[in-house]
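Read through the structure below, which is laid out as structure tokens, and then see the notes.
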Amino acid sequence: MRPSACALLDRPLTIMLLSPQPWVGLQVSKHHYARELAALGHHVYFVNPPGEKAEIGISPSGTPGIDLVDHPFMPLRRFKYRARWLFDLAARRRARAIARRVGPVDLLWDFDNARQFADHRALRARLSILHIVDRLDPGDVAHRHADLILGVDALLLADVSPAGQPVHVVGHGLSPLFADRARQLLAAPAARPADSLVTIGFIGNLAQPAMDRARVSMLIDALPEARFRFIGPVQGETPAVRAWVDDLARRPNVELAGLLTGDALIAASEGVDIWLLCYDLARDRNSGVNSHKLLEYFALGGEVVSSWIEAQADAPGIFMPAKDAPDAILDQMQAAIDAVRDRRNAAWRARAERALASSYSTNVEQIAALLAATAACNCDNRK
């Protein structure tokens, strides 16, 4: 393992990134890391989750430096939980086929919490990262033979049983789009008309399994004088989610903006007084440990009302009920509305600065140092 193979900030690398979410759709951490890496001059192969393609193919993403890798549904996928060894055997063959199609790879960056590929060695990269941003599947403790294991929280890393690899916490990042907006607002704060309706906003997938649909509906019912703006797709819906979204569409104080990205998303965020995150901890795969969404909300200004998210419970001025009192979110929302009307939002600057301190570029610098230390250690061990 040559140290130069992981010089993330020194020379262009070929990087294969495994994502459990497709490139097209809601943009989350995997997409932001891919763009950050491409901006540094690396060539990123973004491997979409398996799908309906007939064969392995490579196509441009539309973003310079990023190509998309599509591949068919996994062979023997019905055996993934019934005969894991058999699924893994077939998956290794698929991994080798992808590696042959892509060619030599310097770094494999695995975000796939669904563990499609249990053994990184089959993908033939010089160095590999297992990066845990969501809780792994129940019973998945495999280290995947990664060289470096990262996680956004220590609780998520506790699910993995490493085999001597270095393990580090690297928190969620803030994308350049939101970072730019935070800097704009810090330089020129938006003025709010005194007589305008209070607008409550949400950004994200409305079909997110952790969404506390009952309490969101309760807030809408309890606050008819407020406007609720939902920005995001309905991705992976169930019949229950579809019925809920259809009900939202009929509400006179609800606006469904749909999936927006880039400047259109920022434009839709203008005029939002309060940002809402409302998860049901019993359904939240991550048990309220962390959420990148709050960093985005902090960057957009305004008040923030959130169900329990442990990593941000100490954020300046956040309105957050205790972990064991989720019904208190209505009281927290009312307090936030009172703060908006009384123009008492004094902590938004501190929240915006907190978000800016967690940029993806900062995270990549941290990871580059960890990779360099890992590669150097591996080289020493092989002498």
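The values are calculated or read from the model by the stated rules, or taken from the named source; none is laboratory data. What you see is a predicted model, and the numbers here were worked out from it, not measured in a lab. A quick note on method: Cβ atoms are made from the backbone with ideal geometry, for glycine too, and the neighbour counts reach across all protein chains shown. Side chains are part of the model used for accessible areas, which takes the heavy atoms of the whole protein and leaves out ligands, DNA and RNA. Shrake-Rupley method; radii C 1.70, N 1.55, O 1.52, S 1.80 Å.
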Between region 6-75 and region 193-220, what is the C-alpha centre distance in whole Å? 32
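Listed highest first by mean packing, meaning other Cβ atoms within 10 Å per residue, what order do 251-261, 89-99 come in?
Values: 251-261: 14.5, 89-99: 16.9.
In decreasing order of mean packing, 251-261, 89-99 become 89-99, 251-261.
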Work out the length of the dipole vector of region 123-279 about its Cα centre, built from +1 on the beta-carbon of each Lys and Arg and -1 on the beta-carbon of each Asp and Glu, and round it to the nearest 20 debye. 240
Residue-normalised accessible area of region 230-383, expressed per residue, 1.4 Å probe, Å²: 44
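Mind checking the per residue accessible area of region 64-106 for me, 1.4 Å probe, whole number of Å²?
Details: 2530 Å² over 43 residues.
Dividing the accessible area of region 64-106 by its residue count gives 59 Å².
Sorted by mean Cβ packing within 10 Å, highest first, what order do the peptides 188-196, 349-357, 297-305 take? Could the numbers behind the result be given before it?
Values: 188-196: 9.7, 349-357: 18.6, 297-305: 26.7.
Going from most to least packed, we get 297-305, 349-357, 188-196.
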Gain in span if fully extended, Ala54 to Ala357, counting 0.36 nm per residue against the direct Cα distance: 104.7 nm
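Please compute the length gained on full extension between Leu260 and Thr14, using 0.36 nm multiplied by the number of residues separating them and subtracting their Cα-Cα distance. Working shown, then result.
On the way: separation 246, 0.36 × 246 = 88.56 nm, distance 3.00 nm.
Fully extending the segment from Leu260 to Thr14 adds 85.6 nm.
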DSSP beta bridges in the chain [antiparallel fraction, %, rounded to 5]: 10
Listed by chain and number, the residues whose amide H is under 5 Å from that of Leu281, excluding neighbours fewer than 5 places away on the same chain and using placed H, are none
Projected onto the charge dipole of region 170-250 (+1 at Lys/Arg Cβ, -1 at Asp/Glu Cβ, origin at the Cα centre), which of Leu248, Pro209, Leu186 gives the Cα projection farthest towards the positive end? Leu186
Where the only charges are on Cβ atoms (+1 Lys, Arg; -1 Asp, Glu), what is the dipole of region 212-315 about its Cα centre, to the nearest 20 debye? 320
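Express the accessible area of region 128-216 per residue in Å², computed with a 1.4 Å probe while the remaining protein chains stay in the model.
Working: 3410 Å² over 89 residues.
That works out to 38 Å² for each residue.
Can you order the peptides 264-276, 158-170 by their average number of other Cβ atoms within 10 Å per residue, highest first?
Values: 264-276: 19.2, 158-170: 14.7.
Per-residue mean Cβ counts within 10 Å order the peptides as 264-276, 158-170.
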Roughly how tilted is helix 29-39, in degrees to the nearest 10 and between 0 and 90, from the longest Cα axis of the chain? 70
Cα centroid distance between region 344-376 and region 296-328, in Å? 20
Sum up the lysine pairs in the chain that clear both bars: alpha-carbon distance under 29 Å and a spacing of 8 or more or different chains. 6
Of the beta bridges DSSP finds with both residues in region 177-297, what % are antiparallel, to the nearest 5? 10
What is the angle, in °, between the Cα long axis of helix 329-341 and the longest principal axis of the Cα atoms in the chain? Nearest 10 is fine, range 0 to 90. 60
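Placing unit charges on C-beta atoms (Lys and Arg positive, Asp and Glu negative, everything else neutral), compute the dipole magnitude of the chain about its Cα centre in debye, rounded to 20. Intermediate values should be presented prior to the final figure.
Details: 44 positive and 43 negative charges, 319 e Å.
Dipole of the chain, to the nearest 20 debye: 1540 debye.
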Using a simple spin-label model with points 7 Å from Cα along the Cα→Cβ vector, what separation in nm is obtained for Arg100 and Asp331? 6.4
Tally up the carbon and sulfur contribution to the accessible surface of the chain as a whole percent, 1.4 Å probe, everything protein left in place. 53
